[in-house]
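Taking it in order: structure first as structure tokens, then the write-up.
The values are calculated or read from the model by the stated rules, or taken from the named source; none is laboratory data. Being a predicted model, the structure only gives us computed values, none of them experimental. Virtual Cβ from ideal backbone geometry, glycine too; neighbours counted across all protein chains shown.
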């Protein structure tokens, strides 16, 4: 990172830190905890901050959903008390931070395959077909590979209009991570990232952009967040998981995937294509990023208290907002790690 | 300004007298203040350029001139080329101008030359309201209303009529370069119209009267006395519109399809410089990636300046070789 970048991110950090501080100057003696990052968990985090204000009125949270990239930058530049990201930080980016950054997984979501077909039947897809469609090799709805998975459904002789996200996003990260795991060709040609060089398809901005294009274009197929599909009543496909079972995406099948996935001790995990008969294969978690060594003991103590609350009481609220909570065993492991934060 | 029309009262005169000695200093302060403000704008432009160049130094070193001539945009492999975006910005802006300029100037002409007085103000207000619609709203309207309509009605007709040309060939998705151009046209229409209207209004009535006196018809008066007199100003209005078109982001992103490719067909999706910054800046985590996006900003900045310089040059040649044509 160049000096200039650091400088501009510091300025941005100052603005983020002090803007609301000035606004709330009258309510003194309140501690303001600043955070920035991912947009995907923003609704649940706002809910948590609201509820937590009732538990501990002395702390006020100020969270800016500027995107995961911004969250990683801000925590590295120490301009916020916690960052948030939809993808784990790379080793390269972690090395730039002045201290050890912990990844605290909070909730999880899934990507679903949404489509626009006459009558919108719920059909089944497997890894080969999804990869084939997104690599541009399966071009028509009546391709024998699709029909083979769905006896009883007649597909039209129509071009598949592939729609993907055009903005960088954690949703795309999960999607491409899944495709890279199940298709060697995808991994070699395209790879995993928040935005990639798409072999085919149209780009829509945000979940609303993809959903809009899918809804408006006959024969379209795209991926959106499960929450978005549920709330907008869009049809979505069942996907075959690594155990060979077709699974409907749901909060339960996401939590199941996290329970069966291999999760390392630094919690930088990917749960796509997780084993287990009930796991939905295309899902991922979102993380809070905090320093293991807190600079300000008073703030550090409050932050740890909040994290513990979020991982216990907070998790119970997740389902109401259509987020998948962490499985119990993982929750315990994360709580133990939170206890290791030093002041 | 007529000075003697209304002689100042005693009180008013004494106020003027009292102010007189101080105004020497005041004038100077005012002069320096305005100079500082004017310079601040110049400094700001240079600072923006300098910042963008510094922010993209890594990418400039790594890709050099190839950044402008290659078409791969691959954040995973960190290979970045801006050509499809430059092409998309140029073509979508051009489409927008082709649609918006005749419409705007015709509207302005109607409003200044032909429309009955009672209808002028309502139309002007409506056009100004169009300018007040936030771009993201226009974009959503684009996805949910304009795109389906374009796809089902005008696009198939265009394809049937002109499908033999490469411009209107290929499958119709709705989201396309043409849709991007149309939405930009809607967005720059108000500014070109209101500036053109002001320019046409400033054409002296003597011009029109002289033409009428020579027995010109209404069209001839408009063409010879009004349009040719206002030519330079109208060109300026178009350039203002072009400036807007080049930088338009949100609404375009929603309807252009966001695919970095160069296709002759206007039905194919495209991508613009401003859109790729808006789309990818927030989630760019690696240095080279971020710097490449900065360089896209630099390119857009350069194109905007270049367009303005070219416009200045054109204006100058217009002035020297084609003096306002006298009424024949």
**Asked** If residue B:185 passes every condition in (1) surrounded by fewer than 23 Cβ atoms within 10 Å (Cβ to Cβ); (2) away from chain A (no Cβ under 14 Å); (3) assigned to a helix (DSSP H, G or I) but one, which one does it miss?
**Response** (1)
**Request:** Name every residue in the range B:261-284 that is surrounded by 24 or more Cβ atoms within 10 Å (Cβ to Cβ) and at the interface with chain A (Cβ under 8 Å from one of its Cβ atoms), in order of residue number.
**Result:** B:269, B:271, B:275, B:279, B:280, B:283, B:284
**Request:** List the helices (runs of 4 or more DSSP H) that sit entirely inside the range B:104-155 and contain at least 1 residues that are modelled with pLDDT under 95, under 24 Å from the mean Cα position of the chain (by Cα) and away from every other protein chain (no Cβ under 14 Å).
**Result:** B:117-132
**Complete:** Of the residues in the range A:315-330 that are touching a strand residue (DSSP E or B) at 6+ places or on another chain (Cβ under 8 Å) and in a helix (DSSP H, G or I), the one that is surrounded by the fewest Cβ atoms within 10 Å (Cβ to Cβ) is A:316
**Prompt:** Can residue A:272 be described as within 24 Å of residue A:60 (Cβ to Cβ), touching a residue at least 40 places away in the same chain (Cβ under 8 Å), buried (at least 23 other Cβ atoms within 10 Å of the Cβ) and in contact with a strand residue (DSSP E or B) (Cβ under 9 Å, 6 or more places away or on another chain)?
**Reply:** no
**Prompt:** So which residues in the range A:154-186 are more than 16 Å from residue A:138 (Cβ to Cβ) and within 10 Å of another protein chain (Cβ to nearest Cβ)?
**Reply:** A:165, A:166, A:167, A:168, A:169, A:170, A:172, A:173, A:176, A:180
**Residue that is surrounded by the fewest Cβ atoms within 10 Å (Cβ to Cβ) [pool: residues in the range A:209-231 that are within 7 Å of chain B (Cβ to nearest Cβ) and in contact with a strand residue (DSSP E or B) (Cβ under 8 Å, 6 or more places away or on another chain)]** = A:217
**Complete:** Checking A:206, A:191 in turn, the sole residue that is facing chain B (nearest Cβ under 10 Å) and either surrounded by 18 or more Cβ atoms within 10 Å (Cβ to Cβ) or in contact with a strand residue (DSSP E or B) (Cβ under 6 Å, 6 or more places away or on another chain) (or both) turns out to be A:206
**Request:** Considering only the range B:53-82, state which residues are within 13 Å of another protein chain (Cβ to nearest Cβ), surrounded by fewer than 16 Cβ atoms within 10 Å (Cβ to Cβ), without any contact (Cβ under 8 Å) to a residue 40 or more places away in the chain and not in a helix (DSSP H, G or I).
**Result:** B:70, B:72, B:77
**Item:** Sole exception among (1) farther than 21 Å from residue A:286 by Cβ; (2) touching a helix residue (DSSP H, G or I) at 6+ places or on another chain (Cβ under 9 Å); (3) assigned to a helix (DSSP H, G or I) for residue A:54, by number
**Value:** (2)
**Request:** Identify all residues within the range A:124-138 that are surrounded by 14 or more Cβ atoms within 10 Å (Cβ to Cβ) and either part of a loop (DSSP other than H, G, I, E, B) or free of Cβ contacts under 8 Å to residues at least 60 places away in the same chain (or both); write none if there are none.
**Result:** A:126, A:128, A:129, A:131, A:132, A:135, A:137, A:138
**Prompt:** Do we find that residue A:199 is within 17 Å of residue A:121 (Cα to Cα) and more than 8 Å from every other protein chain (Cβ to nearest Cβ) in this structure?
**Reply:** no
